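What follows is one structure encoded as structure tokens, with my remarks underneath.
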């Protein structure tokens, strides 16, 4: 696990950066979409709904970032990757060794990042499963509590309809003929 050390400050429109691995550089963005960097040269780019197209030192730049909930879709020149956020960092589903995690303020990548971020994703999935189960139980109890009075009312309605039908049949076969023919008993 390597510790990442860097200084990243913006002073008077100029971003100054010093890191252990990348060295020292400064950048300025005079206009939106144009960046001048002391180490990486000039970059011209335009972003359209998550897709960034541009040029940096006469090389094309293609990058896309889209997310929905905890799932992310990233596009680069090397292809697409899917990643998901976990408790400790981001787990890359298609290229797991590109995952990253932050433990105690230290960012780890590679195999260690993959393991820690996968543990975080599994913990998140476990929590989501527990929350879903509790929600399902609450829904079931609520449905039962609300459906029991409706079911009892329907049973009572069916019973009353049967009594009404029986009374109508008795009237139709015994009382109606007596009234029709005028015979009194």
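Residues that are part of a loop (DSSP other than H, G, I, E, B), within 30 Å of residue 124 (Cα to Cα) and touching a helix residue (DSSP H, G or I) at 6+ places or on another chain (Cβ under 9 Å): does the stretch 66-73 have at least one?
Checked against the condition, which is being part of a loop (DSSP other than H, G, I, E, B), within 30 Å of residue 124 (Cα to Cα) and touching a helix residue (DSSP H, G or I) at 6+ places or on another chain (Cβ under 9 Å), the stretch 66-73 yields at least one hit.
Checking the stated criteria, residue 68 turns out to be under 23 Å from the mean Cα position of the chain (by Cα), farther than 20 Å from residue 34 by Cα, modelled with pLDDT under 85 and surrounded by fewer than 12 Cβ atoms within 10 Å (Cβ to Cβ).
Looking only at the stretch 71-94, which residues are more than 12 Å from residue 117 (Cβ to Cβ) and surrounded by 14 or more Cβ atoms within 10 Å (Cβ to Cβ)? Before you say what the answer is, go through the steps one by one.
Applying the first criterion (more than 12 Å from residue 117 (Cβ to Cβ)) to the stretch 71-94 yields 71-82, 94.
Answer for the stretch 71-94, where residues must be more than 12 Å from residue 117 (Cβ to Cβ) and surrounded by 14 or more Cβ atoms within 10 Å (Cβ to Cβ): 72, 73, 74, 75, 81.
Conditions tested, residue by residue: (1) outside any strand (DSSP E or B); (2) at pLDDT 85 or above; (3) in contact with a helix residue (DSSP H, G or I) (Cβ under 8 Å, 6 or more places away or on another chain); (4) over 28 Å from residue 12 (Cα atoms).
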{"site": "39", "(1), (2), (3), (4)": "yes, no, no, no"}
{"site": "47", "(1), (2), (3), (4)": "no, no, no, no"}
{"site": "80", "(1), (2), (3), (4)": "no, yes, no, yes"}
{"site": "111", "(1), (2), (3), (4)": "yes, yes, yes, yes"}
{"site": "116", "(1), (2), (3), (4)": "yes, yes, no, yes"}
{"site": "119", "(1), (2), (3), (4)": "yes, yes, no, yes"}
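State whether one or more residues within the stretch 126-137 are over 24 Å from residue 87 (Cβ atoms), surrounded by 10 or more Cβ atoms within 10 Å (Cβ to Cβ) and at pLDDT 90 or above. Yes, the stretch 126-137 has at least one match. Inspect all residues belonging to the stretch 27-44 and state whether any of them is free of Cβ contacts under 8 Å to residues at least 12 places away in the same chain and under 30 Å from residue 126 (Cα atoms). No, there is no match, as no residue in the stretch 27-44 is free of Cβ contacts under 8 Å to residues at least 12 places away in the same chain and under 30 Å from residue 126 (Cα atoms).
Could you go through the stretch 2-12 and let me know if any residue there is over 28 Å from residue 118 (Cα atoms), assigned to a strand (DSSP E or B) and at pLDDT 85 or above. Spell out how you get there, then give the answer.
First, the residues of the stretch 2-12 that are over 28 Å from residue 118 (Cα atoms): 7-12.
Add one more test, that the residue is assigned to a strand (DSSP E or B), and what stays is 7-11.
Keeping just the survivors that are at pLDDT 85 or above gives none.
Checked the stretch 2-12: no residue is over 28 Å from residue 118 (Cα atoms), assigned to a strand (DSSP E or B) and at pLDDT 85 or above.
How many residues are exposed (fewer than 14 other Cβ atoms within 10 Å of the Cβ) and without any contact (Cβ under 8 Å) to a residue 12 or more places away in the chain when one looks only at the stretch 50-59?
Our first condition is that a residue be exposed (fewer than 14 other Cβ atoms within 10 Å of the Cβ); within the stretch 50-59, this holds for 50-51, 55, 57-59.
Add one more test, that the residue is without any contact (Cβ under 8 Å) to a residue 12 or more places away in the chain, and what stays is 58-59.
The qualifying residues number 2.
The values are calculated or read from the model by the stated rules, or taken from the named source; none is laboratory data. As the structure is a computational prediction, the values presented were derived from the model and not from experiment. All Cβ positions, even for glycine, are placed from backbone atoms using ideal geometry, and neighbour counts span all protein chains on display.
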